[in-house]
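Since the structure comes first, as C-alpha cells, the remarks are kept for the end.
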Amino acid sequence: MIILVDMDGVLANFEEKFLEIYRSLYPNLPYIPVNLRRRFHIREEYPKELEDKVVSVWTKPGFYLSLDPIDKGLESINEIKNKGHDVFICTSPLSTYENCVLEKYKWVEKYLGNNWVRNIIFTKDKTIVHGNLLIDDNPLIKGIKNPSFEHIIYDCSYNKLENFKRRMTWNNWKDVLTEL
Ligand SMILES: [Mg+2]
C-alpha cells in the first residue's frame, strides 16, 4: 500500500513548540493551551490583533527545525515501511517558504535519516497525490480532486468534530489500521 503521512501535528509537534515560543516571547498575552484548541488553524483561534505575533512564531528561522518529534511517530512509520509499504511524508509548506521548506528537509534527515528525504512530497494540494491512506490531523483535506486515498484523522483536540472518518494516534494505529 501507499501510505501518505502528514508532518506537522502527526510527526512533528508544531503545537507545543508554537506555544512554548509564543509564551516566552509574549508572557503577558493570552494563549490557548493545546488541549483547548478547537480550530485547525491556530491563527483563526487567536484574536485578530495578535495575528502578526502569532504568525511571527512559525515564520522565524529555526522554528521548523526545532520541532520535537511526536511520541512514537518516527518508529511507527519505520515499522510500517518495514512491513513492505511505501510510506511518503506528505506536507504542505508555508507560502512564505524560505525557512519552512529547507528546515522540513533538515528535520527529516535529522530524525529519520537521509533515506527518508527522498520520500518527502511537498504540495499545497494533497488531493492530487495518489495513495491508499493519508494520515493527517487536518480534518478537511481540500483540493481539486476527489482524493484516491482514505483520509485517516490523526486525533487532536482541534479535529474532534470530524466524526465520519477513522481516527488514530501512534499509540493505537495497529488497532485502527488493521489492514497494515
Ligand atoms: Mg498537519
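At an R0 of 25 angstrom, the distance between the Cβ atoms of Asn78 and Thr127 translates into a FRET efficiency of 0.40. This model, with +1 at the C-beta of Lys and Arg and -1 at the C-beta of Asp and Glu, gives the chain a dipole about its Cα centre of some 200 debye.
Annotation: amide H of Glu150 within the under-5 Å range of Leu133, Leu134, sequence separation 5 or more or interchain, hydrogens built in the peptide plane.
Once the Cα-Cα distance is subtracted from the 0.36 nm per residue extended length, the Leu102 to Thr178 segment shows a gain of 23.9 nm.
Spatial offset of region 139-180 relative to region 47-93 amounts to 16 Å, using the alpha carbon center of each.
Within the listed set Thr96, Thr59, Thr169, the residue fluctuating most in the Gaussian network model of the chain (springs between alpha-carbon atoms under 10 angstrom) is Thr96. Note on Asp52 and Met1: the extension gain reaches 14.2 nm, defined as 0.36 nm multiplied by sequence separation minus the Cα-Cα distance. One equal scatterer on each Cα of the chain, no solvent, Debye formula: the resulting log10 I(q)/I(0) at q = 0.18, 0.20 Å⁻¹ is -1.30, -1.56.
For the chain, averaging the sequence separation of C-alpha pairs within contact (under 8 Å, six or more residues apart) and dividing by the residue count gives a relative contact order of 28 percent. Relative contact order of region 1-67: 34 percent, from C-alpha pairs under 8 Å at least 6 residues apart in sequence. Could you pull out the pairs from Lys17/Lys110; Lys72/Lys124; Lys104/Lys174; Lys72/Lys174; Lys81/Lys165; Lys72/Lys110 whose alpha carbons sit more than 20 Å apart here? Result: Lys72/Lys124; Lys104/Lys174; Lys81/Lys165 exceed 20 Å.
Exposed loop positions in the chain were taken to be trypsin sites (Lys or Arg not before Pro) whose DSSP state is not H, G, I, E or B and which have at most 15 other beta-carbon atoms within 10 angstrom. Between these positions, the longest stretch is 1-37.
Excluding Glu109 itself, calculate the net charge of residues whose Cβ lies under 13 Å from the Cβ of Glu109, where each Lys or Arg counts +1 and each Asp or Glu counts -1.
Net of charged neighbours comes to +3.
Values quoted throughout were computed directly from the atomic coordinates according to the rules given, and no laboratory measurement underlies them. Every value quoted in this text rests on a predicted model; they were computed, and no experiment measured them. Ideal geometry is used to build each Cβ from the backbone, glycine not excepted, and the neighbour counts take in all protein chains shown.
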